[in-house]
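Here the structure is laid out as structure tokens; the discussion comes afterwards.
The values are calculated or read from the model by the stated rules, or taken from the named source; none is laboratory data. Values in this document were obtained by computation on a predicted structure and should not be read as measured data. Ideal geometry is used to build each Cβ from the backbone, glycine not excepted, and the neighbour counts take in all protein chains shown. When the accessible area is computed, the model is the full protein with side chains, heavy atoms only, and any ligands, DNA or RNA have been set aside. Shrake-Rupley method; radii C 1.70, N 1.55, O 1.52, S 1.80 Å.
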Amino acid sequence: DCERGMNGIEFLKTALRDHRIGALTKSSSQTIERVVDAIPRSCSYLVEYGPGEGTVTRAILDRLPRDGRLVAIERNATLFSALQGLHDQRLSVVHGDVLEIVHRLRELPLPRIDAVVSCVPCTLLQPHEREHLVRETHRALTPGGVFIVYQYSPLMYRLLRKYFDNVRFSFAPLNFPPYFVMTAVKRGE
């Protein structure tokens with residue numbers, strides 16, 4: 001059943017075949033709650049980097065207004081196929097590498113970008129790729145927009161502070177491994 005997503009074993013098998021997925025287990029309910037709670041209620045237009053099979057995607061859609069839109073960008077073909085099984089007219093799924101798409105975010109079918117949620121495993125990226133990802137995300141966000149990054153490492157915190165004035169940090173210890181959730185807010189104009 002695509003609405004519920006892959007089971008844990010299917011997800012693990014997919015992750016073991018593709019080391020760039022960066023996760024071995026699906027996100028815990030605590031992680032999902034921390035990520036979704038970091039999205040301001042006023043956000044209607046969102047982008048998700050590396051949604052996997054859609055565990056967080058489903059929670060975002062549950063909170064998204066009826067006239068909102070979510071664009072999910074997934075590189076892995078198996079996970080992309082699983083995401084296509086989520087039947088919600090507010091969701092658009094893009095197959096591709098976020099590092100190749102991030103400089104064209106404003107071309108996505110959204111009137112603006114209020115928030116970006118990322119589970120891309122940044123520890124697997126080169127320093128210049130991490131910088132590109134953060135810089136281009138900051139550029140594409142609307143003033144007051146948020147960039148929510150959840151990772152197994154706090155590595156991205158310092159880079160987020162370079163581009164965003166306000167970066168909040170939380171921890172989701174009930175995930176395996178635990179997640180660091182960083183919320184960066186773009187200065188309003």
Under 5 Å between amide hydrogens, which residues at least 5 positions from residue 28 or on another chain qualify, with H placed 1.01 Å from N in the peptide plane?
176
Along its three principal axes, how long is the chain when you only count alpha carbons? Whole Å, largest extent first please.
45, 35, 29
Report, to one decimal in Å, the Kirkwood hydrodynamic radius for region 100-189 based on all distinct Cα pairs.
13.4
Max mean-square fluctuation residue, GNM over the chain, Cα-Cα springs under 10 Å, options 103, 128, 138
128
Other-chain or far-sequence residues with amide H under 5 Å of residue 45's (modelled H):
69, 114, 115
Mind checking the per residue accessible area of region 102-143 for me, 1.4 Å probe, whole number of Å²?
47
If you take every residue apart from residue 122 with its C-beta less than 10 Å away from the C-beta of residue 122, what net charge results, scoring Lys and Arg +1 and Asp and Glu -1?
0
If you take the square roots of the eigenvalues of the alpha-carbon gyration tensor of region 41-121 and sort them as a ≥ b ≥ c, do you get rounded (a/c under 1.5), prolate (a/b over b/c) or oblate?
oblate
